[in-house]
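Visitor: Handing you this structure, nothing more for now.
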Amino acid sequence: MQIDPSAADLFLDYVDDEVSLERVWEHPAYDVAREHASVLGRDLEREDLRKAVAGEETPFSFAGVENLRANRDRIEGLLDHVRARQTEWEERIDRNLERIAPDADTADVTLYLGIGYEFGIGTRSGAYVGLNEPLFLERPRQLLYAGLHECSHVLHERVHRTIAEFGSTPMESRSVQWQVFNAICHGEAYATYAPLAVREVDGNLGAGDHPMCEDYRVLEDDARLCELVEEYDSFRERLRTDSVPRETLFERMFAEPRLPYRVGCALLVGLEERRGLEAVREEFTRDPVEFFEAYDSILDRYRF
């Protein structure tokens, strides 16, 4: 895999009026953003980038544009930090992607570093992480973890085609919602699990004030996991019998308390404890619905 920081460089050059908006917009990093936006029903256009830099609220300014000029020097410093460690980070990401998906080809996986749109995303086209994020500016090592998380999504999407299959599919029916929820839970479980070994080696399991960091703190809090599994069970039972509003589905997948990330990762940790790392690897390519049916009992330790 490779890390490509050129989108962030171009974005800063655009802010300085040194390159055109078109050059930024045509960068492959923002192809990833457009692909992701289409799945969520966001109408992401070139003018949204210009307006976001000018301080207007657009789909491009969901994350990463606020206080951009004030953070300029820190962003440059973060880019220098990454470049000084780029080879090491690329090797670390490669090794840990192979740890969860040993048969996957990571040679053409690119982690784009940019500014704007989202904290981090991953599609078949590549992974993207926005640098104008307080967590990264204050704790640069967190960028490595986030990059590994998003790169795992690239591999997962290439196997399961969740975005390709469901991106333009109406989500009113219960059967579609059931498949989507399981697919997202499976993808986020592996994406959260992917940096876990690196975090443990670093002694950095949950340091930082961000939902991503909380994803790891809860792994050491059985009481909190019991609450999360109860919520997870309740929502899954609801989906077994009826559909929910699209907004409710997306909220339960991506908003607090981030059930796919936290419950999913706890399940994979339990699977590794019970059957070893090889089982975790084998299940990366399994149908998500079958996966959660097969291993639901691992969560029984958090049920009363």
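Visitor: Near the amide H of Ser243, under 5 Å away, which other amide H atoms are found, from residues 5 or more places off or on another chain, if H is placed in the peptide plane?
Guide: Here the answer is Arg174, since their amide H atoms fall under 5 Å of that of Ser243.
Visitor: So for the pair Glu138, Asp31, with labels modelled 7 Å out along Cα→Cβ, what separation do we get in nm?
Guide: 3.6 nm
Visitor: When the helices in the chain are scored as -39500 (n - 2.57) per DSSP H run of 4 or longer and the sum is shared across all residues, what 222 nm value do you end up with, to the nearest 500 deg cm²/dmol?
Guide: The helix-only estimate for the chain comes to -18500 deg cm²/dmol at 222 nm.
Visitor: Any idea of the accessible area per residue across the chain, 1.4 Å probe, to the nearest Å²?
Guide: Computed with neighbouring chains in place, this is 43 Å² per residue.
Visitor: Counting DSSP beta bridges in the range 2-151, what percent are antiparallel, to the nearest 5?
Guide: 35 percent
Visitor: Among the DSSP beta bridges whose two residues both lie in the chain, what percent are antiparallel, rounded to the nearest 5? All intermediate terms of the calculation are to be shown ahead of the outcome.
Guide: Working: 4 of 11 bridges.
Taking every DSSP beta bridge with both residues in the chain, the antiparallel ones total about 35 percent.
Visitor: Can you put Leu40, Leu113 in order of accessible area, largest first, using a 1.4 Å probe?
Guide: Output order, biggest surface exposure first: Leu40, Leu113.
Visitor: Can you give me the solvent accessible area of Ile93 with a 1.4 Å probe, rounded to the nearest 10 Å²?
Guide: For Ile93, the solvent-accessible surface is approximately 0 Å².
Visitor: Could you tally the net charge around Val159, taking each other residue with its Cβ under 12 Å from the Cβ of Val159, Lys/Arg +1 and Asp/Glu -1?
Guide: Values: positive: Arg124, Arg158, Arg161, Arg286; negative: Asp103, Asp105, Glu157, Glu165, Glu283, Asp287.
Taking every Cβ under 12 Å from that of Val159, the sum is -2.
Visitor: What are the ³J(HN,Hα) values, in whole Hz, obtained from phi via the Karplus relation 6.51 cos²θ - 1.76 cosθ + 1.60 with θ = phi - 60°, for each residue of the range 64-81 in sequence order, with x given for Gly and Pro?
Guide: Values per residue, Gly and Pro as x: x, 10, 4, 6, 4, 5, 5, 8, 3, 5, 5, 5, 4, x, 5, 4, 4, 4 Hz.
Visitor: Once Cα Rg over 2.2 N^0.38 Å is worked out from the coordinates, which option in (i) 0.98; (ii) 1.46; (iii) 1.13 does it equal?
Guide: (i)
Visitor: Rank these residues by their accessible area, most exposed first, probe 1.4 Å: Thr241, Thr123. Could you put the intermediate results ahead of the total?
Guide: Numbers: Thr241 105, Thr123 0 Å².
Descending order: Thr241, Thr123.
Visitor: Tell me the carbon and sulfur percent of the accessible area for the range 2-151, rounded to whole percent, probe radius 1.4 Å.
Guide: The nonpolar share, carbon plus sulfur, comes to 40 percent.
Visitor: Short version: ³J(HN,Hα) in whole Hz for each residue of the range 291-296, in order, from phi by Karplus 6.51 cos²θ - 1.76 cosθ + 1.60 (θ = phi - 60°), x for Gly and Pro, what are they?
Guide: 4, 6, 5, 6, 10, 4
Visitor: While we're on this one: Which order do Leu49, Leu205 take when ranked by solvent-accessible area (1.4 Å probe, heavy atoms of all protein chains), largest first? Show your work: numbers first, answer last.
Guide: Details: Leu49 0, Leu205 35 Å².
Sorted by accessible area, descending: Leu205, Leu49.
Visitor: Would you grab the residues whose amide H sits under 5 Å from the one on Gly120? Only those 5+ places off in sequence or on another chain, please, with H modelled 1.01 Å from N.
Guide: Under 5 Å from the amide H of Gly120 lie the amide H atoms of Gly130, each far enough along the sequence or on another chain.
Visitor: Compute, for Leu135, the solvent-accessible surface of its heavy atoms (probe 1.4 Å) with the complete set of protein chains present, and express it in square angstrom to the nearest 10.
Guide: 10 Å²
Visitor: Also: Within 10 Å, Cβ to Cβ, of Gly147, how many net charges do the neighbouring residues add up to if Lys/Arg are +1 and Asp/Glu are -1?
Guide: Combined, the nearby Lys, Arg, Asp and Glu give -1.
Visitor: Classify the range 192-297: rounded, prolate or oblate, from the alpha-carbon gyration tensor (a ≥ b ≥ c, eigenvalue square roots; a/c under 1.5 rounded; otherwise prolate if a/b is larger than b/c)?
Guide: It comes out oblate by the Cα gyration axes.
Visitor: Continuing with the same structure: Using label points projected 7 Å from each Cα along Cα→Cβ, tell me how many nm separate Val289 and Leu79, to one decimal.
Guide: Placing both labels 7 Å beyond Cα along the Cβ direction yields 4.7 nm.
Visitor: Whole-Hz ³J(HN,Hα) for each residue in the range 37-48, computed from phi via Karplus 6.51 cos²θ - 1.76 cosθ + 1.60 with θ = phi - 60°, x for glycine and proline: what do you get?
Guide: Result, rounded to whole Hz: 4, 5, 5, 8, x, 8, 9, 8, 10, 4, 5, 4.
The values are calculated or read from the model by the stated rules, or taken from the named source; none is laboratory data. Fair warning: this is a prediction, and the values are worked out from it, not measured in the lab. Because the Cβ atoms are built from the backbone with ideal geometry, glycine has one as well, and the counts that use them run over all protein chains shown. Only protein heavy atoms, including side chains, enter the accessible area calculation; ligands, DNA and RNA are left aside. Shrake-Rupley method; radii C 1.70, N 1.55, O 1.52, S 1.80 Å.
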